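The values are calculated or read from the model by the stated rules, or taken from the named source; none is laboratory data. The model shown is predicted, which means the values in this text are computed figures rather than measured ones. Note that each Cβ is placed from the backbone with ideal geometry, even for glycine, and that neighbours are counted across all protein chains shown.
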Amino acid sequence: MHAVLLAIGVLAIALAAEMIFTGTAPLWPVGVLATSALLADADLFSFVMTESVTFSIYSLAALSIMWALKHPGFRKVLLVGGLFGLLTLTRPSYVVLALVVPVLLAGFFRRIGMRRRMIARHLAAFAFGWLVVVGPWLARNAISFGHWGLTEEYGSAALIERIAYNDMTAQEILLSFPYCLPRVGPPLVEQVFGAAAMERFVYYAPRSFFHAGRGHRDDLVDAYGRLDPIIGPILKEEMSRNWWRHLLVSLPLGWCGMWVGGWLGLALVPLFVGACLAAGPSTRLPFLIYSAPAVVMLGLHAVVANQYTRYNLILIGPFSVGAVWLIHRLMRQLSARSTATI
């Protein structure tokens, strides 16, 4: 089942590339690159986890945005809302995209000259599609737990575990930047600074931030029974003392979380940045809109979760599309120069 879901996601990425760059980013190289990037996290898909579901649904949702931009229509935007609603049910943190995506759609529609009333109707279609999917789940939680919400305890547990990372030292913050470079970073840092320098950054180490946060969470459950009623005061106290540290620590966590694809990440990240800068006026905006939700989630996961790339596999889509397009563009330019010199 994981293989089918991942294949659907890869196909959606390839089709989005064709829509964004109108045939100048060939389908099969995008699919091959996205598949290769997924292989770095193949072990995740051997467990009963939601990564493959999230990757597949997100890729389809991002493709639906491109479809709605290319051929605006209420039904298309309704589909966008429904897919992002379904995505929210796979992982509640994606609820933030219910605000981000309408802003992206409205900005694009306004840019192409759509009237405000029509924009409002399109956004209403998105909201309706989202609520049709998420609404029954919210109602179910209201009946089962006595309050409206997407989760019970999940968000509170994640936030408490994230707070543990605020104890990072200045050295750990600085070393995390080279340490998180795929494959090459850990041996390099350990050789220069010792194996214990970043021990707390590795989840399976006994002294890790992950275990400290999990232990704190378990202690709170033992003491209070539930986390949701107490998470507000805990966050208020932490932010009143350490809001600046929480934001500071989010920078290395975001840096570490973006290196999806293992070894390939060393090429995907700079190629993606290059594609954002090199894209022409007609393609830059659609490509940036396609990439924006995944980048927003990268930042959100750095603030509320941790540094592991499993939360950010959705970056594989924008990274692969941008990398293939930029490589293809550079090859065409080199070929044209070679022809001109003959």
Open item on the list: Just to be sure before I move on: is ARG217 out of contact with any Cys (no Cβ under 8 Å at 6 or more places or on another chain), modelled with pLDDT under 95, buried (at least 17 other Cβ atoms within 10 Å of the Cβ) and more than 21 Å from LEU313 (Cα to Cα) in the structure I sent?
Closed with: yes
Task: Conditions (1) crowded, with 17+ Cβ neighbours inside 10 Å; (2) under 24 Å from the mean Cα position of the chain (by Cα); number of the one not met by LEU227 - done: (2)
Open item on the list: I'd like the residue in region 248-263 that is modelled with pLDDT under 95 and surrounded by fewer than 23 Cβ atoms within 10 Å (Cβ to Cβ) and, out of all such residues, is farthest from ASP41 (Cα to Cα).
Closed with: TRP263
TODO: Check region 279-290 and report whether any residue there is farther than 20 Å from GLY107 by Cβ and either out of contact with any strand residue (DSSP E or B) (no Cβ under 6 Å at 6 or more places or on another chain) or in a helix (DSSP H, G or I) (or both).
DONE: no
Task: Residue tally, condition surrounded by 17 or more Cβ atoms within 10 Å (Cβ to Cβ) and touching a Lys or Arg at 6+ places or on another chain (Cβ under 8 Å), over region 126-162 - done: 3
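Quick grid of which residues meet (1) touching a His at 6+ places or on another chain (Cβ under 9 Å); (2) in a helix (DSSP H, G or I); (3) without any contact (Cβ under 8 Å) to a residue 24 or more places away in the chain:
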{"site": "TYR94", "(1), (2), (3)": "no, yes, no"}
{"site": "LEU99", "(1), (2), (3)": "no, yes, yes"}
{"site": "LEU105", "(1), (2), (3)": "yes, yes, no"}
{"site": "PHE109", "(1), (2), (3)": "yes, yes, no"}
{"site": "LEU123", "(1), (2), (3)": "no, yes, no"}
{"site": "PHE126", "(1), (2), (3)": "no, yes, no"}
{"site": "GLY129", "(1), (2), (3)": "no, yes, no"}
{"site": "GLY135", "(1), (2), (3)": "no, yes, yes"}
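From PHE210, PHE201, PHE177, which residue is under 17 Å from LEU251 (Cα atoms) and at pLDDT below 95? Step through it out loud before you land on a result.
Numbers: PHE210 fails: under 17 Å from LEU251 (Cα atoms); PHE177 fails: at pLDDT below 95.
The match here is PHE201.
Tell me whether region 36-50 contains one or more residues that are under 17 Å from PRO293 (Cβ atoms) and among the hydroxyl-bearing types (Ser, Thr, Tyr). Outline the logic, then answer.
We begin by selecting, within region 36-50, every residue under 17 Å from PRO293 (Cβ atoms); these are none.
Looking through region 36-50, none of the residues is under 17 Å from PRO293 (Cβ atoms) and among the hydroxyl-bearing types (Ser, Thr, Tyr).
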Open item on the list: Name the residue that is modelled with the lowest pLDDT, counting only residues in region 26-78 that are within 22 Å of THR90 (Cα to Cα) and among the polar types (S, T, N, Q).
Closed with: SER46
Open item on the list: All but one of (1) under 24 Å from the mean Cα position of the chain (by Cα); (2) within 26 Å of PRO281 (Cβ to Cβ) hold for ILE112; state the number of the condition that does not hold.
Closed with: (1)
